[in-house]
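The values are calculated or read from the model by the stated rules, or taken from the named source; none is laboratory data. Remember, it's a predicted structure, so these values are computed and weren't measured experimentally. Note: ideal-geometry Cβ built from the backbone for every residue, glycine included; neighbour counts use all protein chains shown. Ligands, DNA and RNA are stripped out before the accessible areas are found, and what is left, the full protein with its side chains, is counted by its heavy atoms. Shrake-Rupley method; radii C 1.70, N 1.55, O 1.52, S 1.80 Å.
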Amino acid sequence: MLRIECPWCGVRNEDEFSYGGDASVQRPADGGSLDEWYDYVYTRDNSAGQHTEHWQHLNGCRAWITVVRDTITHEIFDTAPASPNLPPGSGSGKKTNGVKS
Amino acid sequence: MSQKFRCDEGGAIDRRKPLSFTFDGKTYQGYEGDTLASALLANGVHLLGRSFKYHRPRGIMCAGSEEPNAMVELRTGARKEPNTRATTIELFDGLVANSQNRWPSLRFDVMAVNNLFSPLLSAGFYYKTFMWPVSFWTNVYEHIIRRAAGLGTAATEADPDFYEQCHEHCDVLVVGAGPAGLMAAISAANYGARVIIADEHAQLGGSLINENFNVDGISGKDWAARQAQKLAGMNNVHILNRTTIFGYYDHNTIGAIEKVSDHVPQPAAGKPRQRMWTLYPKRVVIAAGATERPLIFGNNDKPGVMLASAVRTYINRWGVKPGSRAIVATNNSDAYRTAIDLHQAGVRVVAVVDSRMHPDAPLAAKLDALSIELIAGKTIGAAEGGQHLRYVQLVSTQGLTADPQRIDCDLVASSSGWNPNVHLHSQSGAKPIYDETIASFVPGQSRQAEVSIGAAKGSFELQDCLDQGRAAGAEAAKLSGFKGRLIKTASASDDDAYSIEALWIAPTPYNKSYKQFIDQQNDVKASDIDLAAREGYDSVELLKRYTTQGMATDQGKTSNVNALAILAAQRGEPIPEVGTTTFRPPYVPVAMGNFAGHTVGYQFMPVRRTAIHDWNEKQGAVFIEAGMWLRARYYPQSPEDTLYDCYVRETNATRSNVAMVDVSTLGKIDIQGPDVAEFLNRLYINNWLKLPIGRARYGIMLREDGVVFDDGTTTRLGENHYFMTTTTANAAPVLAHMEYYHQTAWPELDVVFCSVTEQWTGIAVAGPNSRKLLENVIDIDLSNEAFPFMAYGECKMNNISARLFRISFSGELAYEVNVAADYGEQAWLELLEAGREMGVSPYGTEALGTMRIEKGHVAGSELDGRTTALDLGLEGMANRSKHFIGKHNSQRPALIGDGRLQVVGIKSVEAGRNLRIGAHLVDDKVKLESVSQSQGHITAITFSPSLGCGIALGLLQDGASRHGEQIDAVSPLHDEKIRVEICHPIFIDPKGELVRA
Ligand SMILES: [Zn+2]
């Protein structure tokens, strides 16, 4: 069970969240080429190590958050609101679990 | 005589409380504090079952959860539990257990002929023997294998008990309440930390109860009881006894099973059978002890061959003598204790056989003082006997070929050293490392907030365990942020130093071939491991899967390291080079009921009911599940009314008069803010910038990959206020989708929105007389000019505030009334009353579905996650001069090329034959059996009361341009083939004049 720190609600169980995929992918502008749009939907790095990803606190405050997680160890380095318009919340930038650094 | 192997005194049992139990129909006596295994041994019962593959007689080898053999069916009837280990079952009065995997009886087992055919059953036998032909699997092999190699049989009735799930946070979790764990818990608690200490036994103490130790001048058992009492009196300590930590998961999340009621005949009122704990400790101290390894020799599975430590445990914990003439065989110093304990219990110890040439001198002296013979440089080559051990053959470990030495005995206490219980450490993500000095794996670098101490760390001396517990408890508390002082030390009497010289497998007498069992539960022999390695399955993970070693319910607790060592010898490499297997949860078998907890039966899933549900129920409506909702499917008017009768009547009533349907389950989202129009314009493929206030519009949403996601109407209620509806199924996904784009891609848009699905009751009033009905109760002008198709207005319905939409799913003149859900039933009743004279009636989802097929509206079965707007005939709605989700990817060549499955109407051309949902659409030259050439399929069928025939919607390759063509609809499952005609999907009123009337 991953323990994820929602910037507003605190550390919560993984089963309150739903996974939203790679957050580092940039959504192309409307004028982008079909190749760019194709890559945006289908091409992923599948990195072994640090991964920036989206999660939604679906069964909580419903915020989308950005989580930096190690895909091998599941260590979570940082969580922050996905929206720049929302206040950072109390827990942003803190380590969220008992993983040793 | 009853319990003739019970010692006169001693043991943590209550001799004032005799208990009666039956095994295989025979009644025996035991005492409170016994396990089933200890009580059976006290009665001289050793033969408990037949082995998995060869049906060899098997007895009790261990004293705890590591037991591979002594599995029984516990209880009877609905509470019957197969494959429970007799060594972990606490005895209760009236307990009933039966041996398993024997037929017709335990003493005479027909399948024991498997033992003679054992060459056929070697490693990988499943793969080699039962390869061909395929049909033999289901008809022959599986039947034979199930019979021959079955374990116990499960109860066939539903489990009458319940299981419960609990969560608890703490600062320090201590796993195991032996000497190290007790010290750690007291030490951490003394710092003020919140401590949970868990132990699989009822009584805390672990090895202090199993062994004949002294601590601080009193017996280990009494010392443990004092510490347990101390812990029980601390309000920052939670003792979880009868609790096994079975899993160490990510982020220091721990799974545990508490056996709340397994030690009583049936749970007390209101008590669960078991309780599953999810624990969230800041730090974990693993004091889980160690598991002894058996020596590997010929016929080492004979009843009467036990672990040396188990023998001590039966003597010290339960006051039971597991035999009368014992041989202790070892490669290490620890088993000498067994000889001494046996001697003190009055069992004749014939000899201690130490495979090492130079046993520790102090230990040799201790034996000498008791006149116990010590045979060095030899080990047991083979055990002999029928259903019980009769004698052993000793062989030299020094390569000498002298004749084997025969010694008569009925008990072998064997030890090949100790494996620290690194399971939880390994599950936490860490890698155990091999320690040559103790010939075993010990914990490596920690990956999570855990530390192993005591025997679990490879420290087998009591004083070390006590000291490590004291220090580790304090350290864990400090790391959790507590300050305090160390408790005082405890001092142990036991001073024997641990020493070992590995001996992984014994030579056999005269080099004859014997079965030398590694994994007794899965009947894996040393020769199977050799064979697997020779056949190329020489990595640990492959070996496991090929031989099934370590894959039984005991997870190879007594066999994994022995197997690894034999593999290493076969490969000619040192053990660390060969590696170790990764331990995975669960540490012990966990009953499925624990994972379900209370979510069984009617609590499996919440049930959502609309405001009109009670009325529907009173009407005798038949319901259908739609997601979690219960919706009225049809309304029988008499007991003879069939589904068909009802939906035809309800459809006719709608098309010819007026009828009402509860549409409250549609997803509803209230959206507000200055940028809503732009937001909708990006979410939907069509235009939203110019929607006037008081108008609704139908919209299509795509996913980012260009496939249709959902459809529905959105209405502009005010300047900056909109109201969206979604399909019932997609209500939650659409909301999450909108939140995703608003919070990640388009944070600049000033909009807010939330789900109001449950806040509003929706009632559709449909049919040519719907306006007339509403005019009786609605206070606004409903004329076509004042309130045209797709109009919206706020109004009063009698005295209820309502929202009125002129939208239609049926294709008739129709309105949808929304009222606050609290007024839902009242509004429904008032509408019924308003239409009573004109004969209004309710209709259900079946009539709703029929009318949508007649109108060719796409729904869930056409929006199947693969179809595009073009496939569904909706591409005309798209405005490609603006941006919307999925705009670009919907233009990928594969989505716009030829051969796409497109929505079509389908009519049977064979009178009287009904179409079948899911039927494939194929060319008439294609044979019935061969649907690989399917050109599409039927997605929805109904009998159309309006047309008087069966109609369907379907998806067909290039279907939009094939209207008028004939094709076959086939269902090989039903051996059925029907000629059909492809047509436009809108069957009635293609121009949509009725809705605008
Ligand atoms: Zn939250």
* May I ask you to say which residue of B:811, B:839 is open to solvent by less than 20 Å² (accessible area, probe 1.4 Å), more than 11 Å from residue B:765 (Cβ to Cβ) and not in a strand (DSSP E or B)? => B:811
* To do: Take the stretch B:354-397 and flag every residue that is among the polar types (S, T, N, Q) and part of a strand (DSSP E or B).
  => B:379, B:393, B:396
* Asked: Within the stretch B:704-731, how many residues are within 30 Å of residue A:36 (Cβ to Cβ) and within 14 Å of another protein chain (Cβ to nearest Cβ)?
  -> 5
* Asked: What are the residue pairs meeting all of these: first residue in the stretch A:29-51, first residue facing chain B (nearest Cβ under 8 Å), second residue outside any loop (DSSP other than H, G, I, E, B), Cβ atoms under 6 Å, and 6 or more apart or on different chains?
  -> A:37/B:889; A:41/B:889
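Here is a yes/no grid of residues against (1) touching a residue at least 60 places away in the same chain (Cβ under 8 Å); (2) out of contact with any Gly (no Cβ under 6 Å at 6 or more places or on another chain); (3) part of a loop (DSSP other than H, G, I, E, B):
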{"residue": "B:876", "(1), (2), (3)": "no, yes, no"}
{"residue": "B:881", "(1), (2), (3)": "no, yes, yes"}
{"residue": "B:885", "(1), (2), (3)": "yes, yes, yes"}
{"residue": "B:895", "(1), (2), (3)": "yes, no, no"}
{"residue": "B:899", "(1), (2), (3)": "no, yes, yes"}
{"residue": "B:904", "(1), (2), (3)": "yes, no, no"}
{"residue": "B:907", "(1), (2), (3)": "yes, yes, no"}
{"residue": "B:912", "(1), (2), (3)": "no, yes, yes"}
* To do: Please work out if residue B:904 is open to solvent by less than 20 Å² (accessible area, probe 1.4 Å), over 30 Å from residue A:28 (Cβ atoms) and modelled with pLDDT of 95 or more.
  => yes
* Positions within the stretch B:327-348 being farther than 16 Å from residue B:362 by Cα, part of a loop (DSSP other than H, G, I, E, B) and open to solvent by 10 Å² or more (accessible area, probe 1.4 Å), in sequence order -> B:345, B:346
* Asked: For the stretch B:656-675, which residues satisfy the criterion of being surrounded by 24 or more Cβ atoms within 10 Å (Cβ to Cβ) and over 44 Å from the mean Cα position of the chain (by Cα)?
  -> B:658, B:659, B:660
* Asked: Quick check: is even one residue across the stretch B:734-752 away from every other protein chain (no Cβ under 14 Å) and under 27 Å from residue B:859 (Cα atoms)?
  -> no
* Structure fact -> Within the stretch B:358-400, residues touching a residue at least 60 places away in the same chain (Cβ under 8 Å), touching a helix residue (DSSP H, G or I) at 6+ places or on another chain (Cβ under 7 Å) and closer than 18 Å to residue B:410 by Cα come out as B:381, B:382, B:393
* Test: residue B:284 is surrounded by 18 or more Cβ atoms within 10 Å (Cβ to Cβ), closer than 23 Å to residue B:193 by Cβ and not aromatic (Phe, Trp, Tyr) -> yes
* To do: Using the structure shown, decide if residue B:536 is in the same structural domain as residue B:589 (by TED's automatic domain parsing) and loosely packed, with under 15 Cβ neighbours inside 10 Å.
  => yes
* Asked: So which residues in the stretch B:240-298 are farther than 30 Å from residue B:308 by Cβ, away from chain A (no Cβ under 14 Å) and not small (Gly, Ala, Ser), if there are any at all?
  -> B:258, B:260, B:264, B:265, B:266, B:267, B:271, B:272, B:273, B:274, B:275
* Asked: Are any residues in the stretch A:1-28 away from chain B (no Cβ under 11 Å) and among the polar types (S, T, N, Q), and if so, which ones?
  -> A:24
* Structure fact -> Flagged in the stretch B:472-488 as open to solvent by less than 60 Å² (accessible area, probe 1.4 Å) and hydrophobic (A, V, I, L, M, F, W, C), in numbering order, are B:472, B:474, B:476, B:477, B:482, B:487
* Asked: Within the stretch B:423-436, is there a residue that is among the β-branched types (Val, Ile, Thr) and surrounded by 21 or more Cβ atoms within 10 Å (Cβ to Cβ)?
  -> no
* Within the stretch B:511-530, is there a residue that is over 36 Å from the mean Cα position of the chain (by Cα), buried (at least 16 other Cβ atoms within 10 Å of the Cβ) and farther than 29 Å from residue B:572 by Cβ? -> no
* **Residues of the stretch B:620-634 classified as in a strand (DSSP E or B) and open to solvent by less than 30 Å² (accessible area, probe 1.4 Å), total** => 3
* Asked: more than 14 Å from chain A (Cβ to nearest Cβ), touching a helix residue (DSSP H, G or I) at 6+ places or on another chain (Cβ under 6 Å) and at pLDDT 95 or above, is that true of residue B:823?
  -> no
* Structure fact -> Checked the stretch B:678-703 for anything within 14 Å of chain A (Cβ to nearest Cβ), buried (at least 20 other Cβ atoms within 10 Å of the Cβ) and in a loop (DSSP other than H, G, I, E, B); matches are B:685
* Enumerated strands (runs of 3 or more DSSP E) restricted to the stretch A:1-75, each holding at least 1 residues that are open to solvent by 50 Å² or more (accessible area, probe 1.4 Å) and away from the ligand (no atom under 14 Å from the Cβ) -> A:18-22, A:50-56
* For residue B:48, state whether it is crowded, with 19+ Cβ neighbours inside 10 Å and either within 16 Å of residue B:302 (Cα to Cα) or at pLDDT below 95 (or both). => yes
* **Pick from the stretch B:445-465, criterion in contact with a strand residue (DSSP E or B) (Cβ under 8 Å, 6 or more places away or on another chain) and within 14 Å of another protein chain (Cβ to nearest Cβ), ranking: most open to solvent (accessible area, probe 1.4 Å)** => B:451
* List every residue pair whose Cβ atoms lie under 6 Å apart, where the two residues are 6 or more positions apart in sequence or sit on different chains, the first residue falls within the stretch B:540-569 and is within 20 Å of residue B:420 (Cα to Cα) and assigned to a helix (DSSP H, G or I), and the second residue, located anywhere, is open to solvent by 10 Å² or more (accessible area, probe 1.4 Å) and of a type in the set (D, E, K, R). => none
